[in-house]
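The values are calculated or read from the model by the stated rules, or taken from the named source; none is laboratory data. Only a predicted model underlies this, so the values are computations on that prediction, with no experimental measurement involved. Glycine also receives a Cβ, built like all others from the backbone with ideal geometry; neighbour counts cover every protein chain displayed.
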Amino acid sequence: MTISYVNWLAVLVAGISAFVVGGIWYSPGLFGNVWMKENKIGQEDIRRSDKGRIFGSALILALVMSTNLALFLSDAKTDLRWGFIAGLLTGVWVFCGLAITAMFELRTCRYVFINGGYQLVALALMGAIIGVWR
């Protein structure tokens with residue numbers, strides 16, 4: 001790991017990309033309605049939530065994730081392909097961890113595939129951004 005190979009602007013863009021993916025993934029046009037049903041959340045719950053705290057914390061955590069991934073990818077040989085693969089493999093770890101927790105919480109397969117799928121896609125995109133923009 002060589003920190004000099006980390007492009008911090010790419011880390012920022014990769015972290016923010018999780019919001020773009022999440023906005024699409026959890027929209028009513030894709031998985032938003034099913035996700036709300038699986039979590040027993042209604043529109044009123046969403047309206048009452050502290051969106052500033054939620055989105056602010058999510059941004060910080062996404063930046064931690066993209067920084068961690070960038071540090072793992074901080075090698076002169078990293079490129080788009082390897083960044084994408086490393087991000088996807090990281091997503092598999094997250095997906096499996098989420099699935100294990102969800103089983104003990106008695107969550108449905110839909111819950112696992114919606115949330116785990118988001119993590120797979122978001123991390124693969126993060127890795128691709130970091131890889132191509134190293």
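Across the range 109-134, which residue is surrounded by the most Cβ atoms within 10 Å (Cβ to Cβ) among those that are more than 13 Å from Y26 (Cβ to Cβ) and of a type in the set (G, A, S)?
G127
Among (1) at pLDDT below 95; (2) of a type in the set (A, V, I, L, M); (3) in a helix (DSSP H, G or I), where does L61 come up short?
Looking at each condition in turn, L61 falls short on (1).
Out of G83, G56, G97, I need the residue that is in contact with a Lys or Arg (Cβ under 9 Å, 6 or more places away or on another chain), under 30 Å from A10 (Cα atoms) and assigned to a helix (DSSP H, G or I). Which one?
Just a single option satisfies the conditions, and that option is G83.
Which residue pairs have Cβ atoms closer than 8 Å, lie 6 or more positions apart in sequence or on different chains, and pair a first residue in the range 2-19 that is exposed (fewer than 11 other Cβ atoms within 10 Å of the Cβ) with a second residue that is assigned to a loop (DSSP other than H, G, I, E, B)?
T2/S74; T2/D75; T2/A76; I3/S74; S4/S74; L9/W133
Of everything in the range 20-33, what is surrounded by 16 or more Cβ atoms within 10 Å (Cβ to Cβ) and either aliphatic (A, V, I, L, M) or touching a residue at least 60 places away in the same chain (Cβ under 8 Å) (or both)? Give them in sequence order.
V21, G22, W25, Y26, F31 - these are the residues of the range 20-33 that are surrounded by 16 or more Cβ atoms within 10 Å (Cβ to Cβ) and either aliphatic (A, V, I, L, M) or touching a residue at least 60 places away in the same chain (Cβ under 8 Å) (or both).
Given the criteria in contact (Cβ under 8 Å) with a residue 60 or more places away in the chain and surrounded by 13 or more Cβ atoms within 10 Å (Cβ to Cβ), does A70 qualify?
Spelling it out, A70 is indeed in contact (Cβ under 8 Å) with a residue 60 or more places away in the chain and surrounded by 13 or more Cβ atoms within 10 Å (Cβ to Cβ).
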